[in-house]
1. Could you work out, residue by residue across B:40-50, how many beta carbons of other chains sit within 10 Å of that residue's beta carbon, and then give the average as an integer?
2. Please work out the Cα center distance from the range A:117-165 to the range B:157-171, rounded to the nearest Å.
3. What is the dipole size for chain A, taken about its Cα centre, with +1 at each Lys and Arg Cβ and -1 at each Asp and Glu Cβ, in debye to the nearest 20?
4. Taking a threshold of 27 Å on the Cα-Cα distance, which of the pairs A:Lys104/B:Lys80; A:Lys104/B:Lys11; A:Lys104/B:Lys129; B:Lys11/B:Lys80; B:Lys31/B:Lys143 fall above it?
5. Explain nothing, just the number: dipole magnitude of the range A:78-176 about its Cα centre with +1 on each Lys and Arg Cβ and -1 on each Asp and Glu Cβ, in debye rounded to the nearest 20.
6. Taking Cα centroids, how far is the range B:95-125 from the range A:34-109 in Å?
7. Considering the dipole of the range A:33-148 built from charges on the beta carbon (Lys and Arg +1, Asp and Glu -1) around the Cα centre, which of A:Ala102, A:His133, A:Ala53 is farthest to its positive end?
8. If we count every other residue with Cβ under 12 angstrom of B:Gly40's Cβ, Lys/Arg +1 and Asp/Glu -1, where does the sum land?
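None of the figures in this text is laboratory data; all of them are computed from the coordinates on show. As the structure is a prediction and not an experimental result, all values here were calculated from the model. Neighbour counts are summed over all protein chains in view; Cβ atoms, including those assigned to glycine, are modelled from backbone coordinates with ideal geometry.
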Amino acid sequence: MLSVSLENEGLSQRALEQLIDMLDAGSIGPVVVDTIMATMLPQLNDPKIPNRARNLLLRALHTLADEGQGIMEAMRPLAPTLAGWLSDREPSEAMLGVIATAFKDKKTALELREVPRRAIALLRARETRRWPHARRMQLLRLVQWSSVNNERAAELYAKSGVHTELLSEVAGAVSVPGQFSGTLIAC
Amino acid sequence: MSVPGQFSEPKSKWVEQLVNTTAALCSHSEKTREDCLKAGYVDRLLRIFSSQVNIRAGLLGACLRSLAAILMDCDSLMFKKISAGLGGVVPMLNYIQGRRYEQLAELCGEVDESGTVPLALLRNREMKKAIGSVVGLIKVYCKKANEGHPDAIDVSDKLDVAGREQVLTTALCAALVVAAARMQVLTTARPRPSPHRCSLPRSRCPMTTSRCS
């Protein structure tokens, strides 16, 4: 687990891959989930954690949660912290990714009831339109999973006409072949 | 870099996410769905699908899932439009068995020294999901045909002539091989059985093909 925080030599990536393998390994899966969450939750809930370390842990949590239902369910105690993060002026890609993944769990989705309003505000903000696509994609994932698992959120998005903006983006992407050259290489 | 007829991978991922989000919004609000259909959502999906020389697995899956959801509850005109936009649906079988499968496998890196990896040995999750969405789309036509939908019956008959049962049986057998191998790994930690044989005993395999042991 310590190696998750080490970026050098691809060690963090290898550690993550091993953890994912262990999550799949039948009987020891729950032990792995407990250990991961016991290590990560206190650090993520610590308000003094440096941004870089937090983003690194969040990226790891995002990957692990996408791979296993156990981690996703174990993220429930993190819901208030996640909601708090989205109030940041500029939530990072890692934060948005973890919040989006948290919405895949129905119970967590119901707890994060204030998040959809903030997501709409972010979608409409001028600064958000200048975000790299990888970051904006996490915001769209958040909208996707919150509308799937939270009926109120779906109603809110419908009232706000989020779909109209998305449709025009789809149209734009189809009609402009070269639109992504350059921009996305950086993502 | 995107070129006409082929999205770059990042662009494909971006459009896939746009489609997935729009589909999620449509599936949970009747008003959103109506608004999107009026605004030409289906045209855009069909345009994405038809404009790509080699569509990437994720985007293919997203478009087909979205179209299948629309087909489940749409008027006859829209039904015909989607069916025509998908080339009469019969070419979709190629994504499970045929040239399209090979192209998809190449894009997903599912190629080894002997050629494209067979269905039962696929590891790429996106490709598996894409093939699942093709099967899901065919299922919608079968279901609608069973309900007596005239357009669906027409498509279903053509699928039947094109060997739908054989193609779907192959896919099912592949899925059973994977499931049986996984069960074996989990319960006895033995190595996987040979990929070219169904590992179920002949008497217990619902398919009972020549490949069963």
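1. Partner Cβ neighbours, averaged per residue: 2.
2. Distance between centres, Cα-based: 40 Å.
3. 800 debye
4. A:Lys104/B:Lys80; B:Lys11/B:Lys80
5. Approximately 100 debye in magnitude.
6. A separation of 35 Å, based on Cα centres.
7. Working it through, the farthest residue towards the positive pole turns out to be A:His133.
8. Value of the local net charge: +2.
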